[in-house]
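Data block below; observations after.
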Amino acid sequence: MKERKQEEVTDIVYGVHAVTESLQANTGNKLYIQDDLRGKNVDKIKNLATEKKVSISWTPKKTLNEMANNGIHQGFVLRVSEFAYAELSAIMEKAEQEENPLILILDGLTDPHNLGSILRTADATKVAGVIIPKHRAVGVTPVVAKTSTGAVEHVPIARVTNLSQTLDKLKAAGFWIFGTDMNGTPSHKWNTAGKLALIIGNEGKGISANIKKQVDEMITIPMDGHVQSLNASVAAAILMYEVFRNKQ
């Protein structure tokens, strides 16, 4: 029952980019537009909704604020189908068709803004897919969709019950498993040839101890300042771009 309650909060997206991407992906069910809003965004999104046969409701700003849980909705809230997670097998098949594919594994991320930012960069750097755990981690919520500026519609995301078993499957398919740590191979010396799976750890604790045992090589981002670690989405972005750069 708890799982279902958690899913129910994922049935809306809000903000210009997220709403536009969801409408284009045919996942929209009903569009709510702020009743006193005018301008080109209104016309563009209204026309797109009409084209996709999505009904429109002109709604007071106060109601939209409540629907978006006071998030920045820019006057647009869209009720959508529950987010369709990809199957792990589909992400692995997609990766097999690419040269030097990268699959991103998020080990217990809890901040929806971090997940949204990571998805945005994953889309920009052609990551084959993202794997997240079902439990004790953030899933795709309206905040994630908004922060990703629509990337949730383009990056396959699988939700798995057991990360350790998932890593075994990736290893069996010939993937090298990399993790992030304070001590390891500097990111600029990382050999990114082959099939890669990169684990990004929890915001506070990093990669969990049992998962660390399955890592083939730790990668570290050189730092010379006073702080000892980077934000999870920033660290993920640096490493995604390192792989992307080496592909060029």
_If I build a Gaussian network model for the chain, linking alpha-carbon pairs within less than 10 angstrom, which residue out of Trp190, Trp176, Trp58 has the largest mean-square fluctuation?_
Trp58
*Using a Cα distance threshold of under 18 Å, what count of lysine pairs results for the stretch 12-80 when pairs must be 8 or more residues apart or interchain?*
9
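Nearest 0.05, what FRET efficiency do Thr110 and Ala84 give at R0 = 22 Å with Cβ-Cβ as r? Can you show the working numbers first?
Details: r = 22 Å, r/R0 = 1.01.
Efficiency, from the Cβ-Cβ distance: 0.50.
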*If you project the alpha carbons of the stretch 12-80 onto their three principal axes, what span does each projection cover, largest first, in Å?*
27, 22, 18
_Mean-position separation - Cα centroids, the stretch 127-152 and the stretch 109-124, in angstrom_ = 6 Å
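Restricting to the chain, what percent of DSSP beta bridges are antiparallel, rounded to 5?
Details: 9 of 36 bridges.
The antiparallel fraction comes to roughly 25 percent.
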_Along the charge dipole of the chain, pointing to its positive end and built from +1/-1 on Cβ of Lys, Arg, Asp and Glu, which listed residue (Gly179, Thr59, Val243) has its Cα farthest out?_
Thr59
*Leaving out same-chain residues fewer than 8 places away, which lysines sit with a Cα under 27 Å from that of Lys169?*
Lys94, Lys126, Lys134, Lys189, Lys195, Lys205, Lys212, Lys213, Lys247
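Between Asp224 and Ala193, what is 0.36 nm times their sequence separation minus the Cα-Cα distance? Round to one decimal in nm.
On the way: separation 31, 0.36 × 31 = 11.16 nm, distance 2.74 nm.
Result: 8.4 nm gained on full extension.
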*To the nearest 20 debye, what is the magnitude of the charge dipole of the chain about its Cα centre, counting +1 on the Cβ of each Lys and Arg and -1 on the Cβ of each Asp and Glu?*
400 debye
*Find how many whole Å separate the alpha carbon centroid of the stretch 14-52 from the alpha carbon centroid of the stretch 60-98.*
14 Å
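A short reminder: the numbers here are calculations on the coordinates, not readings from a lab. What you see is a predicted model, and the numbers here were worked out from it, not measured in a lab. Note that each Cβ is placed from the backbone with ideal geometry, even for glycine, and that neighbours are counted across all protein chains shown.
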